[in-house]
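Novice: Right, I'll just put the structure down here and ask away after.
The values are calculated or read from the model by the stated rules, or taken from the named source; none is laboratory data. Only a predicted model underlies this, so the values are computations on that prediction, with no experimental measurement involved. Don't worry about glycine lacking a Cβ; one is built from the backbone with ideal geometry, like all the others, and counts go over all protein chains shown. These area figures cover heavy atoms from the full protein model, side chains too; ligands, DNA and RNA do not enter into them. Shrake-Rupley method; radii C 1.70, N 1.55, O 1.52, S 1.80 Å.
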Amino acid sequence: MNEQTGTPGDLLAAMLQAPQQLFSQFGAGDGAAVPAAWTEAAQRMQAMWLDFQRSSAAATPGQGGEVWAGLGGFAQIMQGWLKVLPLANPDVQKRMWEESLTLWQGVLGQYGIGPQAGQVSGEAPALPRTDRRFADPKWREQPLYALVHQTYLMLAEQVQGIADAVDTGDPARSEQLRFAVRTLTEMLSPAHFALTNPLVIDKITETKGQNLVKGMEHLLADLKRGQLTHVDPEAFKVGENIATAPGKVVHETALYQLIQYSPTTDKVLEVPLVIFPPWINRFYILDLSPQKSFIRWAVDQGLSVFVVSWKSADDSMADLEWDDYIRAEIEAIDHIRQRLGSASVHAIGYCVAGTTLAAALAVLARRGEADRVKSATFFTAQVDFEAAGEMKVFIDDQQLATLEKISAEKGYLDGRYMAATFNLLRGNDLIWNYVIKNYLLGEDYPAFDLLHWNGDVTNLPAKWHMSYLKDLYRDNKLVVPNSLSADGTPIDLTRIETPAYIQAGREDHIAPAASVWKLMDHLRGPKTFVLAGSGHIAGVVNPPSAKKYQYWTNPAETGSFDAFVAGAQETPGSWWPNWIEWIRAQDSAEVPAKGKRAPGGKGDSVIEDAPGRYVKER
């Protein structure tokens, strides 16, 4: 960001400012006055912006301004990465100019303009570069917009090529440079500015500027909130139309609530299931609508299902460490065993909670208590962070110091920072797509449960978060036997002999499939690896009824991820049926679904109905 834009929030605001200049383009000509409707729209936007500035000056801590300011600090760090680009090199500038001139002549020639005008065929213009962001025919109907977007694509391609060629001397720095260039070029797309987007120009003409007024309302609401809005904020209510699977909170600590779900079958598997979702976001990613709910589906398969609902961090949790989460998982396992009189449980760990489950299993193995867990399932979980994907671009001493300073102020990292981080990894889909739709076109927000969950952020304890990033992402200590310990017990993953089902997403940008595979290298028990279609969320939440995507298995003993892929067999649809078959193969014994298998019955003391209150706390 430069000194004029300052923060990412200022940049977004700049895209909708100066409306008078925009509306003057539509005057009647020859000095005629701007139509009254457009003038009124411009005045409303200006008034809203001035009112926002006044309210921002009087804002109390915890509102959106401080989040945007904090993100501005990271933008400055990213700006520093870009300084190594040799854009001022005369040879580079000469080449870019020559290629630009060639492009302009070729594009304009498609419209019968310039020295190549004679080459026009009479058919639709054949432009040299395509991109789904410019798929609408309006980008090709007029030579101006064709020239604008083709020039942008060429320059973005050139700058990315220059970044690829820069020798930083450090592979991690090279990845950061490529990420920064990609982020910058995505941001500067002509689709993101009203005057260079033909769809926005048409919308302004159609609505007499009211789309920008509505867009300004959306923008200012997001600036105040400190977070981009993806869906209608009023469309979903936890416990009403999402997270509605019937159950009871049967146990509670300061860190989590334990939910037991009501059975829907006469008999259930004797070994219960406990699910540990990540404490980054909420557990109900596994209980969205009834049709998408993994929890409901697992209950219908005859499992006694328990789920941990983690508490979003507050200032009282500043000193929580990874030990506390590992201890919490073991405690939840023991509580379920005691409640149902079961010798063991099946356990699922999703993402960071799967990493934690691996550590908990190592602790139990070291203590001679591994038999408390009958099987372990890992959803998109990593233990070896050597090749942990794009998340590692955020892991260096400068960024860690900035994060540490931000989280130290409250004792926790505000969840809105994590939301912004994940959005940046898919900027076109999760940021700029919504800038166009919600700010420039002024469209209404859709109702989409998965994106509602995506924006329902949780705070992270400061001490845990920093140690997790340093010990695992930066130093990769978890795979070094006895380098880390929990609750006084050294962690050695090679001691784990618990049967494991390891699921990865083929298009996962948060936990890359090749990185998840490394669990196969470190665990010593029987292991099954399944590669699911799609990514970190949709690759997991893929019910059989949807008949979407596919998954790959390979029963052969393969020593690498590449070898697994090369010999894998593709199966259409959801991998969930494959998983339940695997679970039943571990232990198929059943018991009646009564007594404490059905929570809240006669004599069963419970705390409250599912989904509980922790999931609703900010």
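Novice: Scan region 474-491 for residues that are on the phi < 0 side of the Ramachandran plot and open to solvent by 20 Å² or more (accessible area, probe 1.4 Å) and report the count. Spell out how you get there, then give the answer.
Specialist: Step one: of region 474-491, the residues on the phi < 0 side of the Ramachandran plot are 474-475, 477-481, 483-486, 489-491.
Those left that are additionally open to solvent by 20 Å² or more (accessible area, probe 1.4 Å): 474-475, 477, 479-481, 483-485, 490.
Counting residues in region 474-491 that are on the phi < 0 side of the Ramachandran plot and open to solvent by 20 Å² or more (accessible area, probe 1.4 Å) gives 10.
Novice: A further question on this structure: Step by step: first the residues of region 344-393, then only those that are in contact with a strand residue (DSSP E or B) (Cβ under 9 Å, 6 or more places away or on another chain) and polar (S, T, N, Q), then the one that is nearest to residue 295 (Cα to Cα). Which residue is that?
Specialist: As a first pass, look at region 344-393 and keep what is in contact with a strand residue (DSSP E or B) (Cβ under 9 Å, 6 or more places away or on another chain): 344-351, 353-364, 366-367, 372-381.
Narrowing the set further to residues that are polar (S, T, N, Q) leaves 344, 355-356, 375, 377, 380.
Details: 344: 20, 355: 21, 356: 21, 375: 18, 377: 14, 380: 17 Å.
Taking the candidates together, the pick is 377.
Novice: Return a yes/no flag: does region 213-225 have any residue that is open to solvent by less than 10 Å² (accessible area, probe 1.4 Å) and not hydrophobic (A, V, I, L, M, F, W, C).
Specialist: yes
Novice: Still on this structure, I have one more. If you go through region 551-570, how many residues are in contact with a strand residue (DSSP E or B) (Cβ under 8 Å, 6 or more places away or on another chain) and open to solvent by less than 40 Å² (accessible area, probe 1.4 Å)?
Specialist: So the answer is 6.
Novice: Kindly provide the set of residues from region 251-268 that are touching a helix residue (DSSP H, G or I) at 6+ places or on another chain (Cβ under 7 Å) and open to solvent by less than 30 Å² (accessible area, probe 1.4 Å), ordered by number.
Specialist: 255, 256, 257, 258, 261, 268
Novice: Then there's this: Just wondering, is there one or more residues in region 156-173 that are surrounded by 14 or more Cβ atoms within 10 Å (Cβ to Cβ), modelled with pLDDT of 90 or more, closer than 30 Å to residue 215 by Cα and of a type in the set (Lys, Arg)?
Specialist: No, region 156-173 contains no residue that is surrounded by 14 or more Cβ atoms within 10 Å (Cβ to Cβ), modelled with pLDDT of 90 or more, closer than 30 Å to residue 215 by Cα and of a type in the set (Lys, Arg).
Novice: Please go through region 246-282 and pick out each residue that is in a loop (DSSP other than H, G, I, E, B) and either closer than 26 Å to residue 419 by Cα or among the β-branched types (Val, Ile, Thr) (or both). Even if it seems obvious, please write down each step before you answer.
Specialist: Our first condition is that a residue be in a loop (DSSP other than H, G, I, E, B); within region 246-282, this holds for 246, 253-255, 262-266, 270-272, 277-282.
Passing the criteria: 253, 254, 255, 264, 265, 271, 277, 278, 279, 280, 281, 282.
Novice: Across region 81-128, what is the total count of residues that are assigned to a helix (DSSP H, G or I), open to solvent by less than 50 Å² (accessible area, probe 1.4 Å) and within 18 Å of residue 165 (Cα to Cα)?
Specialist: Going residue by residue through region 81-128, those that are assigned to a helix (DSSP H, G or I) are 81-82, 90-109, 117-119.
So of that shortlist, the ones also open to solvent by less than 50 Å² (accessible area, probe 1.4 Å) come out as 81-82, 92, 96, 100, 103, 106-109, 117.
Within this subset, residues satisfying the condition of being within 18 Å of residue 165 (Cα to Cα) are 81-82, 92, 96.
Looking only at that region, the number is 4.
Novice: Specify the residue that is farthest from residue 544 (Cα to Cα); the eligible residues are those in region 283-320 that are in a loop (DSSP other than H, G, I, E, B) and among the polar types (S, T, N, Q). Lay out the reasoning, then the answer.
Specialist: Filtering region 283-320 for residues in a loop (DSSP other than H, G, I, E, B) gives 287-293, 301-304, 311-314, 318-320.
Next, from what is left, pick out any that are among the polar types (S, T, N, Q): 289, 291, 293, 301, 304, 312.
Working: 289: 14, 291: 10, 293: 11, 301: 12, 304: 20, 312: 31 Å.
Selected residue: 312.
Novice: Which of (1) among the hydrophobic types (A, V, I, L, M, F, W, C); (2) touching a residue at least 60 places away in the same chain (Cβ under 8 Å); (3) in contact with a strand residue (DSSP E or B) (Cβ under 6 Å, 6 or more places away or on another chain); (4) assigned to a helix (DSSP H, G or I) is the odd one out, the single condition residue 422 does not satisfy?
Specialist: Only one criterion in (1) among the hydrophobic types (A, V, I, L, M, F, W, C); (2) touching a residue at least 60 places away in the same chain (Cβ under 8 Å); (3) in contact with a strand residue (DSSP E or B) (Cβ under 6 Å, 6 or more places away or on another chain); (4) assigned to a helix (DSSP H, G or I) is unmet by residue 422, namely (3).
Novice: Taking region 229-261 on its own, how many of its residues are in contact (Cβ under 8 Å) with a residue 60 or more places away in the chain and among the charged types (D, E, K, R)?
Specialist: So the answer is 3.
Novice: Looking at (1) under 28 Å from residue 147 (Cβ atoms); (2) of a type outside the set (D, E, K, R); (3) modelled with pLDDT under 75, which is the only condition residue 9 fails?
Specialist: All conditions are met except number (1).
Novice: Between a first residue in region 394-410 that is more than 22 Å from residue 510 (Cα to Cα) and a second residue that is part of a helix (DSSP H, G or I) and open to solvent by 70 Å² or more (accessible area, probe 1.4 Å), which pairs have beta carbons less than 6 Å apart while being 6 or more apart in sequence or on different chains?
Specialist: Once the first residue is more than 22 Å from residue 510 (Cα to Cα) and sits in region 394-410, its partners that are part of a helix (DSSP H, G or I) and open to solvent by 70 Å² or more (accessible area, probe 1.4 Å) give 410/315.
Novice: Which of the residues belonging to region 229-250 are in contact with a Pro (Cβ under 7 Å, 6 or more places away or on another chain), closer than 18 Å to residue 599 by Cα and open to solvent by less than 20 Å² (accessible area, probe 1.4 Å)?
Specialist: Within region 229-250, 243, 247, 250 meet the criteria.
Novice: Are any of the residues in region 452-468 out of contact with any Lys or Arg (no Cβ under 7 Å at 6 or more places or on another chain), open to solvent by less than 50 Å² (accessible area, probe 1.4 Å) and assigned to a loop (DSSP other than H, G, I, E, B)? Let's see the steps before the verdict.
Specialist: Step one: filter region 452-468 for residues out of contact with any Lys or Arg (no Cβ under 7 Å at 6 or more places or on another chain), giving 452, 454-455, 459-468.
Filter once more, so that each one left must be open to solvent by less than 50 Å² (accessible area, probe 1.4 Å): 452, 454-455, 459-462, 464-468.
With assigned to a loop (DSSP other than H, G, I, E, B) added as a condition, the list becomes 459.
Looking for residues that are out of contact with any Lys or Arg (no Cβ under 7 Å at 6 or more places or on another chain), open to solvent by less than 50 Å² (accessible area, probe 1.4 Å) and assigned to a loop (DSSP other than H, G, I, E, B), one finds at least one in region 452-468, hence yes.
Novice: Among the strands (runs of 3 or more DSSP E) lying completely within region 506-618, list those that include at least 2 residues that are free of Cβ contacts under 8 Å to residues at least 60 places away in the same chain. Quick ask: steps written out before the conclusion?
Specialist: On the way: elements: 527-532, 550-553, 569-572, 590-592.
In region 506-618, the matching strands (runs of 3 or more DSSP E) lie at 527-532, 550-553, 569-572.
Novice: Could you please give the count of residues in region 193-212 that are within 15 Å of residue 137 (Cβ to Cβ), open to solvent by 10 Å² or more (accessible area, probe 1.4 Å) and either in contact with a strand residue (DSSP E or B) (Cβ under 6 Å, 6 or more places away or on another chain) or not aliphatic (A, V, I, L, M) (or both)?
Specialist: Final tally of qualifying residues: 1.
Novice: What is the residue count in region 513-533 for residues that are farther than 21 Å from residue 571 by Cβ and either of a type in the set (Lys, Arg) or surrounded by fewer than 23 Cβ atoms within 10 Å (Cβ to Cβ) (or both)?
Specialist: Going through region 513-533 one residue at a time, the tally reaches 5.
Novice: Right, another one. For the list (1) in a helix (DSSP H, G or I); (2) within 23 Å of residue 610 (Cα to Cα); (3) of a type in the set (Val, Ile, Thr), I need the number of the one condition that residue 363 fails.
Specialist: (2)
Novice: Those residues that are small (Gly, Ala, Ser) and surrounded by 21 or more Cβ atoms within 10 Å (Cβ to Cβ), I need them from region 385-414; list them, please. Quick ask: steps written out before the conclusion?
Specialist: Restricting attention to region 385-414, the residues satisfying the condition of being small (Gly, Ala, Ser) are 387-389, 401, 407-408, 411.
Hit for region 385-414 is 407, nothing else.
Novice: Just checking, how many residues over region 223-277 are over 30 Å from residue 439 (Cβ atoms) and under 19 Å from the mean Cα position of the chain (by Cα)?
Specialist: Residues flagged as over 30 Å from residue 439 (Cβ atoms) and under 19 Å from the mean Cα position of the chain (by Cα) within region 223-277 amount to 2.
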